[in-house]
Amino acid sequence: MTGLDLLAASAIVTAGAALQGAVGFGFALVAAPLLALIDPRLVPGSLLCAALVLTLLTAHRERHAIDTSGIGWGLVGRLPGTALGAAALLRISAGGMELVLGALVLVAVAMSASGLHFRPTPRALVGAGVLSGFMGTMTAIGGPPLAMVYQHAPGAQLRGTLAGYFVIGAAVSLVALALVGRFGRVELAGALSLLPGVLLGFVCSARLAALLDRGYTRGAVLAVSGAAGTLVIVRQLF
């Protein structure tokens, strides 16, 4: 990357990290499509490694509010959801499936905005984990399903629980990428170049999180989830 490319990548990563550190998800939503335009080698390995650092920092900051049982139930669903997503990629048009999944996210946002109350019960968490694993495999955007379940939870609990969930998910994904030759020295070097932006965004997110915790967390979750669903659809239509 040139110096200008690195500056642009750092700005993008800072914005994505600030969003995820404040809302609980959204890093890949902001960073992945833009980083791919700057240097395709940054996605997915370098970005995923940077995201792992961000989620570790967020989980540590919000450790007092993490719902560990929620993480467990979500991971129970994540594994079969990931397997289903991988199988679907082999048999179904990825573009067509992304359109369906994007529409499902928008439907969930509309249902929630209309007053439907999702609760983090074991059944809901397993179901959200399945959909998260499926969407994450198909579209690289797996945050909205779990975020929707926790949208009425205190901001710290939402951020901490999602961070704990994504720490494990990102670590597993990095191992898988390494096994298939998609994460090595080049990708690690790319991740290191993104870390200053991650750290700056994380620091900025503390103040933004404090603002959202005054009653705006749910609105932020719905807005970012809606943006994620829209992005998935637009990416396939255009």
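Could you tell me which of the residues L56, L6, L90, L75 is within 15 Å of the chain's Cα centre (by Cα) and open to solvent by 60 Å² or more (accessible area, probe 1.4 Å)? So that I can check it myself, show each step before the final result.
Numbers: L6 fails: within 15 Å of the chain's Cα centre (by Cα); L90 fails: within 15 Å of the chain's Cα centre (by Cα); L75 fails: open to solvent by 60 Å² or more (accessible area, probe 1.4 Å).
Step by step, each of L56, L6, L90, L75 is checked, and only L56 is within 15 Å of the chain's Cα centre (by Cα) and open to solvent by 60 Å² or more (accessible area, probe 1.4 Å).
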> If G181 satisfies every condition in (1) surrounded by 22 or more Cβ atoms within 10 Å (Cβ to Cβ); (2) part of a loop (DSSP other than H, G, I, E, B); (3) modelled with pLDDT under 90 but one, which is the exception?
Replying inline: (1)
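Considering every residue within the range 60-69, establish whether at least one is out of contact with any strand residue (DSSP E or B) (no Cβ under 6 Å at 6 or more places or on another chain), within 24 Å of G226 (Cα to Cα) and buried (at least 21 other Cβ atoms within 10 Å of the Cβ). Lay out the reasoning, then the answer.
Here is the first cut: in the range 60-69, the residues out of contact with any strand residue (DSSP E or B) (no Cβ under 6 Å at 6 or more places or on another chain) are 60-69.
So of that shortlist, the ones also within 24 Å of G226 (Cα to Cα) come out as none.
Scanning the range 60-69, I find no residue that is out of contact with any strand residue (DSSP E or B) (no Cβ under 6 Å at 6 or more places or on another chain), within 24 Å of G226 (Cα to Cα) and buried (at least 21 other Cβ atoms within 10 Å of the Cβ), so the answer is no.
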>> Quick check on V100: is it under 27 Å from G155 (Cα atoms) and either of a type in the set (V, I, T) or buried (at least 23 other Cβ atoms within 10 Å of the Cβ) (or both)?
In response: no
>> Of everything in the range 194-207, what is crowded, with 20+ Cβ neighbours inside 10 Å and under 28 Å from G70 (Cβ atoms)? Give them in sequence order.
In response: V198, G201, F202, S205
> Which ones in the range 20-38 are part of a helix (DSSP H, G or I) and within 17 Å of V224 (Cα to Cα)?
Replying inline: Q20, G21, A22, V23, F27, A28, L29, V30, A31, A32, P33, L34
>> With the requirement that a residue be more than 21 Å from H60 (Cα to Cα), open to solvent by less than 20 Å² (accessible area, probe 1.4 Å) and at pLDDT 85 or above, what does the range 110-167 give you?
In response: L125, A128, G129, S132, G133, P144, P145, M148, V149
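Table: residues versus (1) of a type in the set (G, A, S); (2) out of contact with any Ser or Thr (no Cβ under 9 Å at 6 or more places or on another chain); (3) part of a helix (DSSP H, G or I).
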residue	(1), (2), (3)
V109	no, no, yes
H117	no, yes, no
L131	no, yes, yes
I141	no, yes, no
L158	no, no, yes
> Looking only at the range 12-43, which residues are over 18 Å from the mean Cα position of the chain (by Cα) and touching a residue at least 12 places away in the same chain (Cβ under 8 Å)?
Replying inline: I38, D39, R41
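Could you list, in sequence order, the residues of the range 186-221 that are of a type in the set (D, E) and over 30 Å from A110 (Cβ atoms)? Working first, answer last.
Of the residues in the range 186-221, the ones of a type in the set (D, E) are 187, 213.
The one that is of a type in the set (D, E) and over 30 Å from A110 (Cβ atoms): E187.
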> Between a first residue in the range 199-226 that is closer than 19 Å to A51 by Cβ and a second residue that is outside any helix (DSSP H, G or I) and among the charged types (D, E, K, R), which pairs have beta carbons less than 9 Å apart while being 6 or more apart in sequence or on different chains?
Replying inline: A209/E62
> Here are A210, A191, A176: which of them is at pLDDT 90 or above, open to solvent by 10 Å² or more (accessible area, probe 1.4 Å) and in a helix (DSSP H, G or I)?
Replying inline: A210
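Any idea which residue in the range 213-238 is surrounded by the most Cβ atoms within 10 Å (Cβ to Cβ), counting only those that are assigned to a loop (DSSP other than H, G, I, E, B) and charged (D, E, K, R)?
Quick first cut of the range 213-238, residues assigned to a loop (DSSP other than H, G, I, E, B) only: 213-216, 238.
Cutting the leftovers down to charged (D, E, K, R) gives us 213-214.
On the way: D213: 15, R214: 8.
Restricting to residues being assigned to a loop (DSSP other than H, G, I, E, B) and charged (D, E, K, R), the top hit is D213.
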> Any residue at all in the range 197-206 that is within 17 Å of R41 (Cα to Cα) and either under 15 Å from the mean Cα position of the chain (by Cα) or in a helix (DSSP H, G or I) (or both)?
Replying inline: no
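The values are calculated or read from the model by the stated rules, or taken from the named source; none is laboratory data. Just so it is clear, the model here is predicted, and its values are computed rather than measured. Note that each Cβ is placed from the backbone with ideal geometry, even for glycine, and that neighbours are counted across all protein chains shown. Surface areas here come from the heavy atoms of the whole protein model, side chains and all, with no ligands, DNA or RNA. Shrake-Rupley method; radii C 1.70, N 1.55, O 1.52, S 1.80 Å.
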